[in-house]
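The values are calculated or read from the model by the stated rules, or taken from the named source; none is laboratory data. On a predicted model such as this, the values are computed, not experimentally measured, just so you know. As a convention, Cβ positions derive from the backbone with ideal geometry for all residues, glycine included, and neighbour counts pool all protein chains shown. For the accessible areas, the whole protein counts, side chains as well, though only heavy atoms, and no ligand, DNA or RNA atoms are used. Shrake-Rupley method; radii C 1.70, N 1.55, O 1.52, S 1.80 Å.
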Amino acid sequence: MLASVIAAFFLALVTVGYGLVSGPVALSAAHEAMESGVLRRTAWLPLRPGATIPVYAPNDCLILSMLVIPPRDGIVKAAVSPQTPGGPAEVGGDSRLPDAPQCQGLGRLLSSMDSGSPLPELAYYHRYIHAYRVAMAGMLRIFSFNAASLILLAATVLPLAYLLVQASRGVMNGEARGLPYAALATILLMFSGVGVFDFSFSFAPTDILTYLYLVAAYHGLLTKAPARLFSACLCIAGALIADFEFLTGAIPSFISAFLLTVAIDAGRLDQDLRRKLATGFACFCLTVAASFGFKILLVSVLWGPSAYLDFGHQLMTRLGSAVTLSTREAELLGPYGITEQALASSRPLATAYALVKPFYFGYMLAYGSEGLGVTLIILAFLAGAAATFVILRRSMAKRGVAGGWLYPMACGIAPLWYASFPNHSIEHAFFMVRILAWSLAASGVMVAALLLAPRMKPSVQ
């Protein structure tokens, strides 16, 4: 019941919020972002000289398009689901924008609006709740697009930096909890691609929420908060994660964060606390499901059941194995019998490729170095496997490790997500690689907690 109420409340808040913050200011902000060239800002990859990987393409261009398109069927429908440029995808054309079709679509849209000519073909975008467009519209009322994105980046880094400082103080005081949290904050700061992804409105909001949860957990949210307050907090987290989710890995990231924080505190959890945590996690999952359920229901009421069927089709596509390979991919994989037809007809083959392809994009987490990226990912799973062996060995010797099995579970969330969404993981591996940072973090925290922290005194928090 609580999950449904909170999910409905935040969905209504997002819908009403869009009506309050939308307006012509987004059009001038989009023009400013395009004319200034800020949308062509590239990721800082010092180990990959000459790399030109835009930090905003393609999602931020798509969100800007959502904001500048005038309501076609009234403000209510526009508040529930935005319109985006449809029609055939076009790459390149406007040198002021990245080559991604979504960014070139934004350019054509702005040109049509400036000249008064008919707008390009438009289509409603029902799949998500789109809270990020409310956040963008609100910030663009105060800041330029460039300033707003820099604020997002700072707001992403600050919780991790704060956690690192506080946990490091705990380490210096000899507290066992400090070391795992310091390792977690360090790995996420260094190898989660913060400087690559968190300029973007499609990544930063959910990262900020997840990192704030880590700070709250360090300060005792799991162990000190009353059960009802904890469940309410997890429901709110579920609603916000669902509302800002752009299928960019926010849900598996938060689940990994939750498992890691429970594992770190497992030595202090009695039966009542374990029940409280299990209830809170169930609240998170139910609220995520309820948020999307209410969105589907609302869309079906306003647009008819065909919209629901379209949502189901899109979900099944993401869960399926039918993919579109790039020309370069097809040339590289064709000699090995890995073609679009082979992937579509073999779920095991598609799953295997979904698990392997993110390794290619490991350089996004490793400052541009392909070798370092692959090495980090392999080391993460080797360290995780070694630590899991330690857990198993201690369990067989009846010297179990507190929360031990939660660490490998957190390490395995990213591969499990890839296997569950092969289509999406393959076609969007260039940003879905980012959730492997949680596998890397889980392995690092596992080593810190299992091998080093037991030598230190228990936390006095």
Original post:
In whole Hz, what ³J(HN,Hα) sequence does the stretch 122-134 give by Karplus (6.51, -1.76, 1.60; θ = phi - 60°), x for Gly and Pro?
Top reply: 10, 9, 6, 10, 8, 5, 10, 8, 6, 5, 4, 6, 5
Subject >> Cα-only Debye scattering, the stretch 45-145: base-10 log of I(q)/I(0) at q = 0.13 Å⁻¹ >> reply: -0.51
**OP:** Quick one: divide the alpha-carbon radius of gyration of the stretch 240-347 by 2.2 N^0.38 Å and tell me what you get.
**Re:** 1.54
Original post:
Taking the chain, how many lysine pairs are there with alpha carbons less than 28 Å apart, if each pair must be eight or more places apart or span two chains?
Top reply: 6
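Report, to two decimal places, the Cα Rg of the stretch 301-372 normalised by 2.2 N^0.38 Å (N = number of residues). Write down the numbers at each step before the final one.
Details: Rg = 16.5 Å, N = 72, 2.2 N^0.38 = 11.2 Å.
Taking N as the residue count of the stretch 301-372, the ratio is 1.48.
Ignoring ligands, DNA and RNA, what percent of the accessible area of the stretch 304-441 is carbon or sulfur (1.4 Å)? Provide the component values of the computation, followed by the final result.
Details: 4630 of 6670 Å².
In the stretch 304-441, the share of accessible area belonging to carbon and sulfur is 69 percent.
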Subject >> Environment charge of ALA79, counting only residues whose C-beta is closer than 14 Å and scoring Lys/Arg +1, Asp/Glu -1 >> reply: +2
Original post:
Dipole size in debye (nearest 20) for the stretch 132-268 around its Cα centre, Lys and Arg Cβ +1, Asp and Glu Cβ -1?
Top reply: 280
Subject >> Accessible area in square angstrom per residue, the chain, 1.4 angstrom probe >> reply: 42
**OP:** Run the quick spin-label model on ALA330 and THR279: label points 7 Å from Cα toward the beta carbon, then report their separation in nm to one decimal.
**Re:** 5.6
Original post:
To the nearest 10 degrees, how steeply does helix 347-360 sit against the main Cα axis of the chain, on a 0 to 90 scale?
Top reply: 90
Subject >> Length released on extending from ARG169 to SER36, taking residue separation times 0.36 nm less the Cα-Cα span >> reply: 43.6 nm
Original post:
Where the centroid of each part is defined by its Cα atoms, how far is the stretch 45-73 from the stretch 151-211 in Å?
Top reply: 24
Original post:
Angle between the Cα long axis of helix 436-447 and the longest principal axis of the chain, 0 to 90 degrees, nearest 10?
Top reply: 10
**OP:** Evaluate the chain: find the radius of gyration of its Cα atoms, find its Kirkwood radius, and give the ratio Rg to Rh.
**Re:** 0.97
Original post:
Once both axes come from the Cα atoms, what is the angle between helix 370-396 and the longest principal axis of the chain, in degrees from 0 to 90, rounded to 10?
Top reply: 40
Original post:
Quick one: ranking ILE142, ILE251 by accessible area, 1.4 Å probe, largest first, what do you get?
Top reply: ILE142, ILE251
Original post:
Of the listed peptides 223-232, 59-68, what is their order by residue-averaged count of other C-beta atoms within 10 Å, with the highest listed first?
Top reply: 59-68, 223-232
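Using only the alpha carbons of the stretch 238-282, what is the convex hull's orientation-averaged projected area in square nanometres? Write down the numbers at each step before the final one.
Values: hull surface 13.1 nm².
For the stretch 238-282, the mean projected area of the Cα convex hull comes to 3.3 nm².
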**OP:** Report the normalised scattering of the stretch 330-383 as log10 I(q)/I(0) at q = 0.28 Å⁻¹, calculated by the Debye formula with identical scatterers on the alpha carbons.
**Re:** -0.97
